[in-house]
Structures are given as structure tokens and as C-alpha cells.
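Beneath this line is the structure, given in C-alpha cells, with notes to follow.
Every number here is computed from the coordinates shown, using simple stated rules; none is lab data. Since we're looking at a predicted model, the values are computed, not measured. When we count neighbours, we look across all protein chains shown, and the Cβ atoms used for this are built from the backbone with ideal geometry, even at glycine.
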Amino acid sequence: MSIELDPNLQKDCYRLAESEDCLWLLLNNRYFMWMVIVPNTTQTELYRLTEQEQQKLTQQSNIISEFITQHFACDKLNVASIGNIVAQMHLHIIARTTTDPCWPGVVWGTEHKAPYPLDDVLKIQTKLQQFCQNKNITGYYFNAPKIKAIQ
């Protein structure tokens, strides 16, 4: 599968996994466990997705939410579809902690940025792959992420 990814998402995220239905991305900022789901659609608004597409996106959100809460510190999970800068349909899933640098405020546009070392990205991807295997979640491909610089 090949979803044409918005240049901003491409620049800011690592591709962890993909399927026929979506991409699972990791935002390149180690201050936050922040994943992004990009469904395979040309629609830009949630309400315009078919019922089946909405169900798939909800299922994927549940998978990523469970993965994050099981493997990373999390006092609150934020799930949002914003899209003011990136019109392409995408869903943010962010683990928040009372000790994160933005708590209790928003993380959007934060000055607190630090890139992941590639080894850490690979460890997160391996955890996600193992999580999917343990849950018998199939149909996802885990290609090696490429090195990125944080903007």
C-alpha cells in the first residue's frame, strides 16, 4: 500500500507500520509518546467517512490507545482529529503525564522538542509489532524507519 503522506506528516513523523487501511506514525518528539493514524482516504473530515471507515478508524485508535497505555507512562490519553495545518485525515493519540513539560496545557505547537534516537524508534516499533503479534492483529507491515531531524 502506498498512501501519499502530507509533507508535514512526512517531515515530522516516523512510519512505524502500514496496512491497506492506514499508516501508523510516531511523531519525532521524545517528550511525548505521540502516535498518528492516517487512514487511507481522500476525505478530510471524520463525519464524511463511511460508517465502515469510521469503524475501522475507531478500531485502529483502540489498538494504538491500548498499546500506548500498556507500554508507556500515561496519566491521560488525548485522542484528537485537528487538521488545521495538515488537511489530510489523521488522528492523534498522545500519552500525557502530569510531569510532561506541557501539563496540563495543550501539546500543539509546543517549544519542547527533542528528536528520538533511531534506536529508540526501532525499540518502539518492535514493541508495537510484538503487541500486534500477541493480540493476533494481522495485516500490518513494519518497515525500518528512516533517520529524521526534528524541526
Expressed in whole Å with the largest first, what are the equivalent ellipsoid semi-axes of the chain derived from the C-alpha gyration tensor as the square root of 5 times each eigenvalue?
-> 21, 18, 16
Quick one: which residues, 5 or more positions from Leu16 or on another chain, have an amide H under 5 Å from its amide H? H modelled 1.01 Å from N in the peptide plane, none for Pro or chain starts.
-> Trp24, Leu25, Leu26
Phi angles of region 104-113, converted by Karplus (6.51 cos²θ - 1.76 cosθ + 1.60, θ = phi - 60°) into ³J(HN,Hα) in whole Hz with x for Gly and Pro, give x, x, 7, 9, 4, x, 5, 7, 7, 9
Checking rank on 20-33, 61-74, 41-54, with mean other Cβ inside 10 Å and highest first, the result is 20-33, 61-74, 41-54
Note: probe point = Cα of Ser81 + 7 Å toward Cβ; backbone nitrogen < 16 Å; residues of region 33-59 passing the test are 36-59
Could you count how many Lys pairs in the chain have their Cα atoms under 15 Å apart, skipping same-chain pairs fewer than 8 positions apart?
-> 6
